[in-house]
1. Write down the accessible area per residue of the range 7-121 in Å², having rolled a 1.4 Å probe over the full set of protein chains.
2. For the range 94-108, in order, what is each residue's ³J(HN,Hα) by Karplus, 6.51 cos²θ - 1.76 cosθ + 1.60 with θ = phi - 60°, in whole Hz (x at glycine and Pro)?
3. For the range 8-56, compute Rg over Rh where Rg is the Cα radius of gyration and Rh is the Kirkwood radius from the inverse mean 1/r over Cα pairs.
4. Give me the distance in nm between label points sitting 7 Å out from Cα along the Cα-to-Cβ direction at Asp69 and Asn37, one decimal.
5. Along the range 73-86, what does the Karplus equation 6.51 cos²θ - 1.76 cosθ + 1.60 (θ = phi - 60°) give for ³J(HN,Hα), rounded to whole Hz, x for Gly and Pro?
6. With a point put 7 Å past each Cα toward its Cβ, work out how far Lys59 is from Leu23 in nm, to one decimal.
7. With only alpha-carbon atoms in the gyration tensor, what are the semi-axes of the equivalent ellipsoid for the range 33-108, in Å, largest first?
8. Mind checking which aspartates and glutamates have their Cα closer than 20 Å to the Cα of Lys49? Skip sequence neighbours fewer than 8 apart in that chain.
Amino acid sequence: VDTTRGTVLASVPLGDSPEAIYLSPDGKWIAAAIEENDQVLLVDTATNKVGRSIKMRGKNPEHAVWSPDGKWLYVSAEEADSVDIIDVAQGQVIKSVKVGDRPRGIGFLPDGTRAYVAAENADTVNVFDVGKHEVIARIKAGSRSNGVTVHPDGKRVYVSSGGKGTVQVIDT
């Protein structure tokens, strides 16, 4: 979209039911979670074409979020109760980790050492050690924990609570 003119410059076909999209840290790729066929598409921002398709292990991917260094994509698989971890250089899922019922939003600390994943029906936030791709803590959060964002200084994580209409603030 040309933000000055408010016009669409290009449209990239993604297939049925694309969910959240996220721009890579270097701005070269967009990761799009496609829930109907359980894949993540990487769109080249220079050509506006799909450059790679990556099959997920988990069913119904919702979010495909880049690590700050662009090496990893963490993908919440809503119907598998897991997070699929993609090694971007390899272009494949290297690990699936169970996180609780209906994982949704994902946020990384700015230094890339931790990722926070909300599990909506479990009312928790899973804390990942990104170096090991393992859950190291589960934090009880608000009802229907969903969206996750991290403060730029990395000291706080914010998690929306759809069941309570609030935002939970986590001291990292």
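1. 46
2. Computed from phi, the couplings for the range 94-108 are 9, 6, 10, 10, 5, 10, x, 5, 6, x, 9, x, 9, x, 9 Hz.
3. Ratio of gyration radius to Kirkwood radius: 0.94.
4. Result for the modelled spin labels: 3.2 nm.
5. 10, 9, 10, 7, 9, 4, 8, 9, 6, 9, 10, 8, 10, 9
6. Result: 3.5 nm between the two label points.
7. So the equivalent ellipsoid measures 20, 13, 11 Å along its semi-axes.
8. Within the straight-line limit of under 20 Å, Lys49 reaches these aspartates and glutamates: Asp2, Asp16, Glu19, Asp26, Glu35, Glu36, Asp38.
The values are calculated or read from the model by the stated rules, or taken from the named source; none is laboratory data. For clarity, every value in this text was computed on a predicted model and none was experimentally measured. Using ideal geometry, Cβ is built from the backbone for each residue, glycine included, and neighbour counts are taken over all protein chains shown. All accessible areas refer to the heavy atoms of the entire protein, side chains included, with ligands and DNA or RNA removed. Shrake-Rupley method; radii C 1.70, N 1.55, O 1.52, S 1.80 Å.
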